[in-house]
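The values are calculated or read from the model by the stated rules, or taken from the named source; none is laboratory data. Fair warning: this is a prediction, and the values are worked out from it, not measured in the lab. Here the Cβ positions follow ideal geometry from the backbone for every residue, glycine too, while neighbour counts run over all protein chains shown. In case anyone asks, the SASA skips ligands and DNA or RNA and just uses the protein heavy atoms, side chains included. Shrake-Rupley method; radii C 1.70, N 1.55, O 1.52, S 1.80 Å.
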Amino acid sequence: MSPVQHHRDRRSPLVLEVHELGRSAGSTKVIHETVPAPADLGIEVIGVPQGSDIELDLKLEAVVEGILVTGTATVQLHGQCARCLDDIEDEASFDVQELFFYPGREVDEDESVVVDETIDLDETLRDAVVLELPFTPLCSEDCLGLCPECGFNRNHDPAHSHGDKIDPRWEGLSGLLGETTN
Ligand SMILES: [Zn+2]
Ligand SMILES: [Zn+2]
């Protein structure tokens, strides 16, 4: 397989210039940048709102085969609790690690390459964030969920209850007992 040369949109905030790293192994560049989130960064139940701030704290390092990117991406998460259906607003950091191979080398389809002296973090970010998102997000570990009888959000009143159900056949009897003990 020969490397595919994608056309890069240099205006994308997730495309970073790496030409100043040259090809001298060991040279590094530190990125502290806030970029707007791309569309569809998430799964159905939780994700990163498009355009929200993503803080990139990355180290770009020239290695023999390419540019190694390591660090974290801190994102805003918006989702819905799987138990109580409340909104979840959260901030989370995800580890980023990706090697972008220099061009002119055979790469697999899922491997990243340096194109026109730029690297595109879009795919990297998706791998780092989306694959780590919970399929059943919770507003908190000990979310009490909804009352199975009336749908009340039990986090608002942990004591919420419908009382002990009394078998109607015993209700009359308890009344009877109440009378006799008086
Ligand atoms: Zn909840
Ligand atoms: Zn209830």
| Global geometry of segment 15-132, whether rounded, prolate or oblate, following the gyration tensor of its Cα atoms and the 1.5 cut on a/c | prolate
| task | Using Cα pairs closer than 8 Å and at least 6 residues apart in sequence, work out the relative contact order for segment 15-132, in percent. | result | 25
| query | Can you list the HN-Hα couplings for segment 95-108, worked out from phi with the Karplus curve (6.51, -1.76, 1.60; θ = phi - 60°), rounded to whole Hz and with x for Gly and Pro? | reply | 6, 10, 8, 7, 9, 9, 6, 5, x, x, 9, 6, 10, 6
| note | Here the net charge surrounding L144, from other residues whose Cβ is less than 15 Å away from its Cβ (Lys, Arg +1; Asp, Glu -1), is -3
| request: Sticking with the crude label model, points 7 Å out along Cα→Cβ, report the distance from S52 to D157 in nm, one decimal please. | output: 3.1
| task | Over segment 34-98, give the accessible area per residue in Å² for a 1.4 Å probe, as an integer. | result | 50
| said: Could you work out how much longer the chain between L131 and A39 gets when fully extended? Use 0.36 nm per residue separation minus the Cα distance between them, nm to one decimal. | reply: 31.5 nm
